[in-house]
Amino acid sequence: MQIEMRGINKAFGGNKVLKNAGFLLDNGEVHALVGENGAGKSTLMKILTGVYTRDEGTVIVDGKEVCYKNPKEAENAGIVFIHQELNVLFDLTVEENMFMGKEITNKFGVCDKKSMRDEAKKVLDRLGVNINPSTRMDRLSVGQQQMIEIAKALMIDAKVIIMDEPTAALTQNETKVLFQIIRNLREKGVSIIYISHRMEEIFELCDSITVLRDGEYIATKKITDTDMNDLVKMMIGREIGERYPERNAKIGAVVFEVKDFNCPGVFNNISFQVRAGEVLGVSGLMGAGRTEIMKAIFGDMPNVTGKVFIDGMEIVNKNPRDAMKNGIGFITEDRKSEGLMLEDSIMKNISIANLGRISKNGVLMKKTEDDLVKEAIEELHIKCFGPSHECNKLSGGNQQKVVFAKWIDTDPKVLILDEPTRGVDIGAKKDIYNIINKLAATGVAIIMVSSELPEVLGMSDRIMVVREGKITGILPKEKANQENIMTLATGGKLNE
Amino acid sequence: MNNKKLINYVQDLGALIALILLIVVISIISPEFRTVGNFLSLLRQSSINGLIAFGMTFVILTGGIDLSVGSVLALSTALCAKFIANGMPVGLAILLALIIGTGFGLISGVLITKGRLQPFIATLITMTVFRGATMIFMDGKPISNLGDSFLLKFIGKGSIFGIPVPVILFIAIFVLFIFILEKTVFGRRIYATGSNWKSAKLSGVNIDKTKLAAYAISGCMAALAGLILLSRLGSAQPTLGSGYELDAIAAVALGGTSMNGGRGRIWGTFVGVLIIAVLNNGLNILGVSSYYQDVVKGVVILIAVLSDRKR
């Protein structure tokens, strides 16, 4: 299926989201659609699939101008959008999910479960995934759930599948499987529109690439005609120089130590140290227990035994409040559900972790609060109208900066970062790296969990690798490379 | 942009505009309605629901609900009446009633925080149990030999400079709660708990304590409302306050507070309380049958909530 979108304009209220945006898709290609957050990628795809209607412009599918009124019409034409937030019903089984809205029924209108199960099995086999169709959806991993979404697309004989950040929640292995499936689909003539922030993946997987910036079409290139720097330049409209800023924090004494941390069935024998000004990267596969270890340190995990020391003194964190009092900050991996109160202002979000600082005898001091928040907005370059700007109206990068501001203001001695740049566009990523380095330079000990290997390698002084709840190695900077980390993360041994 | 702001502003004031419209319309139709005396009695009538609704606002802001307020009101009032009938000094009995009401609220709070029950279920339980306990305690009969205490009469029937004491309590609590919610650390915690409890917890807010406090406040307000009723009626009744939770929740909803928590204001509840009071009072004066009154109330709430959703 060939798709051509030309001169697409779209505004929400007075806000022009797309300005002369366009896109060209050929038969059986994997076509990356890239751009910073807010560049209009999702909006453009939503216009293609009839979620939104365009204000101006043409969409031509296989030579005919079309204007789908809703996603159903687009699906009937063979265009399926797999959203980043998967559209699955967790309490239902795989087959029920797959046949939602298109159940096979007998002549009395009663569901024909057997036919559905057989059909589901057939589609899953075609995909080459081994999932029992009568499994409940919530028993599956996110990766498997994604496979089900793809299976749903195959069931209706999709010619074009749009995937929005499909690997955001996948493990390395699941990503591999997904890529294989995408390649198989391409062989069969299915085109994939692949929206992603992960440059490495795009270069590994895609045939061509279209860049959008600020709602405008910038360029389409064959993947072989471009490289990472070129791409980044097109995306942000300027060179950002080195992806990872230079680090020159002085590494001081041991500030933080974990000894013999255990949590039955989750992790065991976790012991490590972090020094003042040091960034300790934490790597490992999804589900290795990295987040759980961090939550345990922060007092947000039951049944944990072991000791934690700050500046050589043992501390006990029964809950996040204790951890904060003891000088620990925690930026969680899930900004939307744990990091922020999305519907509230920047001010309320920053204040909530700093209430002691901005109050006297339990009464808020408006001026102190205002100053604190305004300073943070300036310091971290948060793009907003002001302190009362609602967080869900900020870009991902700016949201993350709000989370950073909130924790920096608590003056932590140890700051734990769990996937600090997830869902953050490239320009803002660099801002965040700069913030991290600046913090380290003031002597904060930083623990950074990240699934992006280049990020861990680019930012850390040492890298701790976790596998199945155990530390399999702590690599000094000289020995840290992708191979060594993957070896440790997957259970191999390093040759000395 | 300016247009949009104006629309937002009007929607923010939607409930207030509705209230003013109601007052104007009913005033035009009925001369009886538009007297100072009637307005004062309207305010006095609304003070009971008002106090309960203020407490309810705290609970709903945390993302909960308190169905037990009517029963808490009945049981704490019954106990207070019994204390007085048994010769306890009235001041002490009143103080005890408030403490007991607070304690009953805490029981709901403990079921929710420690027992991990849904607020709806937890307070459905306390509502049922406290009502039953009231019946048992009073053996189904009113307690009316309350003596001739000035203090007891003062709460419900007294006035200062011509303003009824219940109205003064109503306004005083209104101002106090605005201060608490807008200007204190505790207020911020209430909002944060309802807005996103996970984020609040990880930011160092003691979620359980905050919720407990909200239910305690709700219980205390129910008991205070009960004392005004006790004073006005001169006796405690076993069925006192039944169904009051619904009027209180309606007032909070009318005032634009989100039932999911995190968003809302006390002044909204204040307006909501007045809308319900004006409807009750106005429809009575206009001679509308009480069956129709309920339907009208329901429709008004529907309109208010629908206009709120468009935001």
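Filtering region A:302-355 to residues that are at the interface with another protein chain (Cβ under 9 Å from one of its Cβ atoms), under 11 Å from residue A:410 (Cα atoms) and under 22 Å from the mean Cα position of the chain (by Cα) leaves only A:330. Considering every residue within region A:358-377, establish whether at least one is open to solvent by 30 Å² or more (accessible area, probe 1.4 Å), over 23 Å from the mean Cα position of the chain (by Cα) and in contact (Cβ under 8 Å) with a residue 40 or more places away in the chain. The answer is no, given that none of the residues of region A:358-377 is open to solvent by 30 Å² or more (accessible area, probe 1.4 Å), over 23 Å from the mean Cα position of the chain (by Cα) and in contact (Cβ under 8 Å) with a residue 40 or more places away in the chain. Candidates A:270, A:202, A:181, A:193: the one that is in a strand (DSSP E or B), over 25 Å from residue A:488 (Cβ atoms) and of a type in the set (Val, Ile, Thr) is A:193. The residue pairs whose first member lies in region B:234-252 and is on the phi > 0 side of the Ramachandran plot, whose second member is of a type in the set (Gly, Ala, Ser) and at pLDDT below 90, and whose beta carbons are closer than 8 Å, counting only pairs six or more residues apart or on different chains, are B:234/B:144. Take the conditions within 14 Å of chain B (Cβ to nearest Cβ), assigned to a loop (DSSP other than H, G, I, E, B) and within 24 Å of the chain's Cα centre (by Cα) and apply them to residue A:294. Does it pass? Judged against the criteria, residue A:294 is not a match.
Only helices (runs of 4 or more DSSP H) whose full extent lies in region A:390-496 are considered here, and the ones with at least 3 residues that are within 14 Å of another protein chain (Cβ to nearest Cβ) and open to solvent by less than 10 Å² (accessible area, probe 1.4 Å) are A:396-408.
All of (1) surrounded by fewer than 14 Cβ atoms within 10 Å (Cβ to Cβ); (2) touching a strand residue (DSSP E or B) at 6+ places or on another chain (Cβ under 9 Å) hold for residue B:140 with one exception: (2). State whether one or more residues within region A:148-169 are open to solvent by 40 Å² or more (accessible area, probe 1.4 Å), without any contact (Cβ under 8 Å) to a residue 24 or more places away in the chain and under 26 Å from the mean Cα position of the chain (by Cα). No - not one qualifying residue is present in region A:148-169. One residue stands out in region A:170-203 among those that are at pLDDT 90 or above and of a type in the set (Lys, Arg): the one that is surrounded by the most Cβ atoms within 10 Å (Cβ to Cβ), namely A:186. Taking each residue of region A:405-418 that is under 22 Å from residue A:293 (Cα atoms) and looking for partners that are of a type in the set (Phe, Trp, Tyr) and in a helix (DSSP H, G or I) with beta-carbon atoms closer than 8 Å, six or more apart or interchain, yields A:415/A:407. All but one of (1) surrounded by 20 or more Cβ atoms within 10 Å (Cβ to Cβ); (2) touching a residue at least 60 places away in the same chain (Cβ under 8 Å) hold for residue A:304; state the number of the condition that does not hold. Checking residue A:304 against (1) surrounded by 20 or more Cβ atoms within 10 Å (Cβ to Cβ); (2) touching a residue at least 60 places away in the same chain (Cβ under 8 Å), the one that fails is (2).
Here is a check on your reading of the model: is residue B:53 open to solvent by less than 10 Å² (accessible area, probe 1.4 Å), modelled with pLDDT of 95 or more, over 30 Å from residue B:193 (Cβ atoms) and part of a helix (DSSP H, G or I)?
no
Across region B:258-297, the number of residues qualifying as farther than 18 Å from residue B:26 by Cα and open to solvent by 20 Å² or more (accessible area, probe 1.4 Å) comes to 8.
Applying the set (1) out of contact with any helix residue (DSSP H, G or I) (no Cβ under 7 Å at 6 or more places or on another chain); (2) crowded, with 20+ Cβ neighbours inside 10 Å to residue B:156 leaves exactly one unmet item: (1).
The values are calculated or read from the model by the stated rules, or taken from the named source; none is laboratory data. Predicted model, so just to flag it, every value in this text is computed and none were measured. Here Cβ is always computed from backbone atoms with ideal geometry, including for glycine, and neighbour counts include all displayed protein chains. For accessibility, only protein heavy atoms count, side chains too; no ligands or nucleic acids. Shrake-Rupley method; radii C 1.70, N 1.55, O 1.52, S 1.80 Å.
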